[in-house]
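Participant: Before I ask anything, let me first share the structure, which is written out below as structure tokens.
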Amino acid sequence: MNDIELQHARTVPLATLRRFLTLNGWHQINDIKRGMDVYKLGFGSGPDVEIVLPQQTTGSDTLRRIAEALRTLSQIGEQDIAGVTALIRAVAIDVLRSTVPDALVRNEAIHLEVAEGFIRNVKQLLSAAATTELSPEPFFGRIKKEAKEFADECRFGHTFRGSFGFTIETPILPNRSPTLEVVEQTPPFERRVMQRIARGLKSVQTAVTEQDAAPIASNFRTGLSANMCEELADLAESIKGERLGFEFAFSPEWRVSPDIVVGDRYVVATEHVELIKDAAKRLRLQEFERDRTITGRIVRLKSDKDPSDLLNPVGAREITILWESSDFGEINIRVALPPAEYLQAVEAHKTGRLISVGGLIERIGKTWRLSQPRDFAILP
């Protein structure tokens, strides 16, 4: 066993190695020896090939056993250790690869500012995609908790050379159900999010070809929402006049949706931004009931003047309410109030009381507001 085998063995989780063996036809024999399992595979006319793995990940010889398994798989597959390791790790993840334009690369490196902006924007895109998958509406008001948790679980993989790029890895749950083509499967949430992004990028390519935002705006139920469009536009603008390439690699444990062509490459450039923003505007203009009564707790108070001076009509008196809407999720909505009601709001904020107020909701940019407020009340 050499250092290269051990180095690669450290990157292969035991559970992922087991998933790889099962997926590729290895037959498991449980507990052949105390604390050990044997995986067998028929190989030509000769005897079965065996791989022995510990049942626990904390054993003293776990790393050695994984390294031996990598060597065996390398020999029978006639691949180097690095290639085998990549195949094994691919079972447990979906991957989004993004190619950075050559103009931004200097000596196989890029500025930290570019890397920081890319990672931040991609994470926001993942969060927006996950929220849209949870509630496939034209737009939403606030990132859902589950979506943030999904984005936090995604991993930043190795950069790749040749064309410099980033790798984003999404962990995928094991597929414990039959994989026959005739059996319909519901893919895990993580796969559905990645497929949504892929469909969205495909709709951008169609929109660019047709020079019309309609292919994006009409496919929000399976592709981009307004929020996703806005995050994608921010990502495109961050590359400063260049073109950004995207490719997907999907775990072979789960079938890919038939409307997605594996291996397709999608390109987003700054000249596409206006189309993407136009799609976002169209999606946000879709009809919804504006006249609402909102209920929630006040999370922010703002006054330019003495809030207790009820006779002074000059100056802004604004509150921000955390509103949990069945249509838009949790959103912060701003309301401008007259002096007397603002003072009541101050008292409600001090005591943590819920308030309600009616009016017309609207979204301006990324900010929600309630105009023409009426019937302000502190709830018991």
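Participant: Which percent, to the nearest 5, of DSSP beta bridges fully inside the chain are antiparallel? Display every interim value, and only then the final one.
Facilitator: On the way: 61 of 64 bridges.
Close to 95 percent.
Participant: Sticking with this one: Projecting each Cα onto the charge dipole of the chain (Lys/Arg +1, Asp/Glu -1 at the beta carbon, about the Cα centre), which of 77, 223, 294 comes out farthest on the positive side?
Facilitator: Of the candidates, 294 comes out farthest on the positive side.
Participant: What's the exposure ranking of 27, 349, going from fewest to most Cβ atoms within 10 Å?
Facilitator: Working: 27 12, 349 16.
Listed from fewest to most nearby Cβ atoms, that is 27, 349.
Participant: Further question on the same structure: Residue 76 label point, 7 Å along Cα→Cβ, cut-off 13 Å on backbone N: hits in the range 1-28?
Facilitator: Of the residues in the range 1-28, 20-28 have backbone N under 13 Å from the label point off residue 76.
Participant: Considering only DSSP states other than H, G, I, E and B, which trypsin sites (Lys or Arg not before Pro) in the range 1-101 qualify as loop sites with at most 14 other Cβ atoms within 10 Å? Walk me through the numbers on the way to the answer.
Facilitator: Values: sites: 10, 18, 19, 33, 34, 40, 64, 65, 71, 89, 97; in loops: 10, 34.
Hits after loop and neighbour filter: 10, 34.
Participant: Pick from 119, 276, 197: which is most flexible by mean-square fluctuation in a GNM of the chain where alpha carbon atoms under 10 Å apart are linked?
Facilitator: 119
Participant: What longest range of the chain stays clear of loop-exposed GluC sites (Glu not before Pro) (DSSP non-H/G/I/E/B, at most 11 other C-beta within 10 angstrom)?
Facilitator: On the way: sites that count: 78, 108, 181, 184, 287, 289.
My reading of the result: 185-286 is the longest stretch.
Participant: With +1 assigned to the C-beta of every Lys and Arg and -1 to the C-beta of every Asp and Glu, and no other charges, what is the dipole magnitude of the range 94-284 about the Cα centre in debye, to the nearest 20?
Facilitator: Numbers: 25 positive and 29 negative charges, 59 e Å.
Around 280 debye, computed over the range 94-284.
Participant: Hey, another quick one. Per residue of the chain, what 222 nm ellipticity follows from adding -39500 (n - 2.57) for every DSSP H run with n ≥ 4, rounded to the nearest 500?
Facilitator: Working: 11 runs with 138 residues, N = 380.
So the helix-based figure for the chain works out to -11500 deg cm²/dmol.
Participant: Could you pull out every one of the lysines with an alpha carbon less than 23 Å from that of residue 202, ignoring same-chain neighbours closer than 8 positions?
Facilitator: Excluding near neighbours in sequence, the set is 123, 240, 277, 281.
Participant: Please state, as a whole number in µm²/s, the translational diffusion coefficient that the Stokes-Einstein equation yields for the chain at 10 °C and 1.306 mPa s, with Rh defined as the Kirkwood radius across alpha carbon pairs. Walk me through the numbers before you get to the answer.
Facilitator: Numbers: Rh = 24.4 Å.
For the chosen part, D equals 65 µm²/s.
Participant: Relative to the Cα centre, what is the charge dipole magnitude of the range 3-90, using +1 at the beta carbon of each Lys and Arg, -1 at the beta carbon of each Asp and Glu, and rounding to the nearest 20 debye? Write down the numbers at each step before the final one.
Facilitator: On the way: 10 positive and 10 negative charges, 59 e Å.
Magnitude of the dipole: close to 280 debye.
Participant: Another question, then. Given an 8 Å cut-off on Cα distances and at least 6 residues of separation, report the relative contact order of the chain as a percent. Can you show the working numbers first?
Facilitator: Values: 647 pairs, mean separation 49.5, N = 380.
Reported as a whole number, the value is 13 percent.
Participant: Once you place label points 7 Å from the Cα toward the Cβ at residue 50 and residue 304, how far apart are they in nm?
Facilitator: Here the answer is 8.3 nm between the modelled labels.
Participant: Based on Cβ point charges of +1 for Lys and Arg and -1 for Asp and Glu, what charge dipole magnitude is obtained for the chain about its Cα centre, in debye rounded to the nearest 20? Numbers along the way, then the final one.
Facilitator: Details: 49 positive and 53 negative charges, 137 e Å.
Roughly 660 debye for the chain.
Quick note: the coordinates plus some simple rules give every number you see, no bench work behind them. Please read all numbers here as calculations on a predicted model, not as lab measurements. Ideal geometry is used to build each Cβ from the backbone, glycine not excepted, and the neighbour counts take in all protein chains shown.
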